[in-house]
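The values are calculated or read from the model by the stated rules, or taken from the named source; none is laboratory data. Bear in mind the structure is a predicted one, so any value in this text is a computation, not a measurement. Here Cβ is always computed from backbone atoms with ideal geometry, including for glycine, and neighbour counts include all displayed protein chains. The area values use the complete protein model at the heavy-atom level, side chains included, leaving out ligands, DNA and RNA. Shrake-Rupley method; radii C 1.70, N 1.55, O 1.52, S 1.80 Å.
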Amino acid sequence: MPVIAFDLGGTKLSTALFSDEGQILFLTSYNLDKRAGKEVGELIIRQAGQTLQIAREKNLTVSAIGIGIPGIAHAQTGTVWAPNIPGWDDYPLRKELEDHFRNNKISIRIESDRACYILGEQWKGNAANCRDAIFLSVGTGIGAGILVNGQILRGAHDIGGAIGWLALDNHYHDKYRACGCFEYNASGQGLGFIASALLNTGNFKESILARNQQPLSSREIFTAYHSNDPLAVEVINNAIAYWGKAVANLVSLFNPEKIIFGGGVFGPALAFLDRIYAEAIKWAQPISIRQVQLEGSALGHEAGLYGAGWLALNE
């Protein structure tokens, strides 16, 4: 039976109606427009209702809803924590949806977006036929969807994969408190942090980025990199070192078949996969690192949506 899938980000909500074979029958997205708390829950309910109506017009009966959220989905309670959505510290999303759609006999499944990314790739992307694979999502933040023996690794309290907090620096700094060492140095936002810090040293006054308004975006930094701007080169080289160390740690811990890169930064950073591997091979378990494949996402920005669809279809 068809299902509805949601991929909720910090700024928009994507919605799809999937057939039971995994074909997208309807797809739309909606900006959050600074909605917070219950307003976001109401938007999900409204979009679900509209998609249900579209399904009825196609003489289809929806059996389940799957949702990927940008944070922590607590499996037992159905509450969610999403740091980029104000008021979602312990939000009862599953209860709201179950109460609203109780008469429709629709089941609800909620997972973290990082789990949905790897599930989507396993279902319809580059992790097909893999039982041990990792999706490394690098956008505004960093997260990892980890598949072990064909199952999502959630951890004791559903926080597994919060890889932005990997400790990759020899020294702790208070600036890492909010988002973690890895994310501070190598996320899309982190590239801007590092660029600003380097500009403040006064050593890159001739950089074309010095004329741009702060904070710098990752897009500006990649554009400057391709012009061989020294500041951008320094920022990207630093990020490659961090991405490579993270890959090494993931390979040594989990011995995955594949690590799949996605998110807004990968993207343009897919051009550096060979350099990331060359960095990783210095640090990783020597047999495992030669067995793993590094690849870009086959599904791009729809990986989470496909993962949420898989969740619903398997509910």
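Yes/no per residue for (1) in contact with a strand residue (DSSP E or B) (Cβ under 9 Å, 6 or more places away or on another chain); (2) not aliphatic (A, V, I, L, M); (3) not in a helix (DSSP H, G or I):
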{"site": "75", "(1), (2), (3)": "yes, no, yes"}
{"site": "89", "(1), (2), (3)": "yes, yes, yes"}
{"site": "115", "(1), (2), (3)": "yes, no, no"}
{"site": "130", "(1), (2), (3)": "yes, yes, yes"}
Query raised in the report: Is at least one residue of the range 229-241 assigned to a loop (DSSP other than H, G, I, E, B), over 18 Å from the mean Cα position of the chain (by Cα) and not aromatic (Phe, Trp, Tyr)?
Result: yes
Query raised in the report: What tally of residues in the range 36-72 results from selecting those that are open to solvent by 60 Å² or more (accessible area, probe 1.4 Å) and either out of contact with any Gly (no Cβ under 8 Å at 6 or more places or on another chain) or in a strand (DSSP E or B) (or both)?
Result: 10
Query raised in the report: Based on what the data block shows, is residue 285 part of a loop (DSSP other than H, G, I, E, B) and either under 30 Å from residue 152 (Cβ atoms) or open to solvent by less than 10 Å² (accessible area, probe 1.4 Å) (or both)?
Result: yes
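Check 149, 104 and return the single one that is at pLDDT below 95 and out of contact with any Ser or Thr (no Cβ under 8 Å at 6 or more places or on another chain). If you could, list the steps in order and put the result at the bottom.
Working: 149 fails: at pLDDT below 95.
Only one candidate qualifies: 104.
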Query - Conditions (1) under 30 Å from residue 217 (Cβ atoms); (2) part of a helix (DSSP H, G or I); (3) touching a residue at least 40 places away in the same chain (Cβ under 8 Å); number of the one not met by residue 294 - result: (2)
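Restricting to the range 202-219, what's the tally of residues that are crowded, with 19+ Cβ neighbours inside 10 Å and closer than 17 Å to residue 139 by Cα?
Step one: filter the range 202-219 for residues crowded, with 19+ Cβ neighbours inside 10 Å, giving 204, 207, 209, 216, 218.
Checking the rest, the ones that are also closer than 17 Å to residue 139 by Cα come to 216, 218.
The number of residues fulfilling the criteria is 2.
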Query raised in the report: Among (1) more than 20 Å from residue 252 (Cα to Cα); (2) touching a Ser or Thr at 6+ places or on another chain (Cβ under 9 Å); (3) open to solvent by 20 Å² or more (accessible area, probe 1.4 Å), which single condition is residue 154 missing?
Result: (1)
